[in-house]
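A.B. asks: Right, I'll just put the structure down here and ask away after.
The values are calculated or read from the model by the stated rules, or taken from the named source; none is laboratory data. Treat the numbers as computed from the prediction; the structure is a model and nothing was measured. Every residue, glycine among them, receives a Cβ derived from its backbone with ideal geometry; neighbour counts consider all protein chains shown. We work out accessible area using only protein heavy atoms, side chains counted, and drop any ligands, DNA or RNA first. Shrake-Rupley method; radii C 1.70, N 1.55, O 1.52, S 1.80 Å.
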Amino acid sequence: MSRQALDELKRQIRLLEYLQAHDWRPARQLSRGRLMGLCPLHPDHRPSFLVDTGKSLFYCYGCGRGGDVIRFAELYHHVKFTEALALLQQWHSRPPLLHQVVSLYRMQLHRHGEAITYLHRRGIRSPEVVEHMRIGYAPGGCLRGWLTQLGYPLQTLRQAGLVTASGYDAYTHRVVFPIEGNLYGRSLSATAPPHRFLPGAKGGLYSWEEVRQYPEVILVEGLFDYAVLWQAGFRNVTCSMGNHLNVHQYRQLCDRPRTVYLAFDADTNGSGRQAAQSLACRLREQGVNVRIVSLPDGHDPNSFFVEGGDARQFQSLLEAARP
Ligand SMILES: [Zn+2]
């Protein structure tokens, strides 16, 4: 990439915009265009991360690292220069496209009885939760046509992972949930792989901006677990999309003192419990208060509610959770 192309990329992607898209918020303004906040590169308890919005540069007084948006992407995602460039370009081109995808799939949801039936079977009944999570349905066979009509080249759709190499919609018969810079699709069919994401990072913790203010946070593995808890009135719930947290999600949980309730699946093979135990150890090292919620054998929070559990009963599980 030429010097000129690099400058162009940096002009297109302002550091502040990129930081904000990754959940960074300034704690205070030092002077015009100079913002101070917690450092996203390490667990930070006192704002030490300075951003010069005019020059699009950062410097951390805590860890001593600094630079431009490319340097930030390298450090933040733990990648080399060229990979950081690729991530930035992907990030830059994806949001408008994903926005279109999500609107189309949201329209499809109410046209497909099988999708609504599936949601009901997974305990999702309230229109509020469908609205809040912007749940949609990918029937298959409609996305490629729609997006090419809007002017997106087929090559772009393939690169984004929305269309397969052979030209078909990548998401077919799936209930879809937009997540930070990605799209999760749950298959309705028992024969297809159940979970699907677009290539690239799965992003941070689900809905973190709304949750981080709570002194007590419930962490679940799946979006269907999140949905039933949210529907039952729990607003301090977030989801890691799997029981292995990425570095970004881990840092988010450690960004201030809080209590985290781990409500992972109680699989009969014990993998959810093991994951919860090891995560609990690592979080405690960072001074986070952890409680492991013990669900009845073979249950996850979703099945707990689907099979008749209610908010009061789940609340009792939280109160009984072991340190
Ligand atoms: Zn730092």
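Here is a yes/no grid of residues against (1) more than 19 Å from Gln315 (Cα to Cα); (2) touching a residue at least 24 places away in the same chain (Cβ under 8 Å); (3) assigned to a helix (DSSP H, G or I); (4) touching a Lys or Arg at 6+ places or on another chain (Cβ under 8 Å):
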| residue | (1), (2), (3), (4) |
| --- | --- |
| Phe234 | no, yes, no, no |
| Met241 | yes, yes, no, yes |
| Arg251 | yes, yes, yes, no |
| Val260 | no, yes, no, yes |
| Ala275 | yes, yes, yes, no |
| Ala280 | yes, no, yes, no |
| Gly287 | yes, yes, no, no |
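A.B. asks: Oh, and also: Based on this model, can you work out whether Phe72 counts as of a type in the set (Phe, Trp, Tyr), within 9 Å of the ligand (Cβ to nearest atom) and closer than 21 Å to Gly203 by Cβ?
C.D. replies: Considered against the rule, which asks whether it is of a type in the set (Phe, Trp, Tyr), within 9 Å of the ligand (Cβ to nearest atom) and closer than 21 Å to Gly203 by Cβ, Phe72 comes out as no.
A.B. asks: In the set Val79, Val51, Val130, which member is part of a helix (DSSP H, G or I), on the phi < 0 side of the Ramachandran plot and either open to solvent by less than 50 Å² (accessible area, probe 1.4 Å) or within 16 Å of the ligand (Cβ to nearest atom) (or both)?
C.D. replies: Val130
A.B. asks: If you take the residues of the range 8-40 that are open to solvent by less than 70 Å² (accessible area, probe 1.4 Å) and in a loop (DSSP other than H, G, I, E, B), which of them is nearest to the ligand (Cβ to nearest atom)?
C.D. replies: Filtering first and then ranking leaves Cys39.
A.B. asks: I'm checking my understanding of the structure. Among residues of the range 262-273 that are of a type outside the set (Ser, Thr, Tyr) and in contact (Cβ under 8 Å) with a residue 24 or more places away in the chain, which one is surrounded by the most Cβ atoms within 10 Å (Cβ to Cβ)?
C.D. replies: Going through the qualifying residues, I end up with Ala263.
A.B. asks: Mind telling me which of the residues Tyr171, Tyr137, Tyr105 ends up being assigned to a helix (DSSP H, G or I), aromatic (Phe, Trp, Tyr), open to solvent by less than 20 Å² (accessible area, probe 1.4 Å) and out of contact with any Pro (no Cβ under 7 Å at 6 or more places or on another chain)?
C.D. replies: Tyr105
A.B. asks: Let me ask something else about it. Provide a single number: the residues in the range 1-45 that are over 21 Å from Glu180 (Cβ atoms) and without any contact (Cβ under 8 Å) to a residue 12 or more places away in the chain.
C.D. replies: Residues meeting the conditions: 10.
A.B. asks: Let me ask something else. Considering only residues that are part of a loop (DSSP other than H, G, I, E, B) and under 22 Å from Val306 (Cβ atoms), look in the range 111-127 and name the one that is farthest from the chain's Cα centre (by Cα).
C.D. replies: Per the stated criteria, the residue is His112.
A.B. asks: Next question, about the same structure. Please indicate, with yes or no, whether at least one residue in the range 102-114 is out of contact with any Leu (no Cβ under 7 Å at 6 or more places or on another chain), within 16 Å of the ligand (Cβ to nearest atom) and touching a residue at least 60 places away in the same chain (Cβ under 8 Å).
C.D. replies: No, every residue in the range 102-114 fails to be out of contact with any Leu (no Cβ under 7 Å at 6 or more places or on another chain), within 16 Å of the ligand (Cβ to nearest atom) and touching a residue at least 60 places away in the same chain (Cβ under 8 Å).
A.B. asks: Here's another thing I want to ask about it. Just give me the residues in the range 54-64 being open to solvent by 50 Å² or more (accessible area, probe 1.4 Å), within 12 Å of the ligand (Cβ to nearest atom) and in a loop (DSSP other than H, G, I, E, B), in sequence order.
C.D. replies: Passing the criteria: Tyr61, Gly62.
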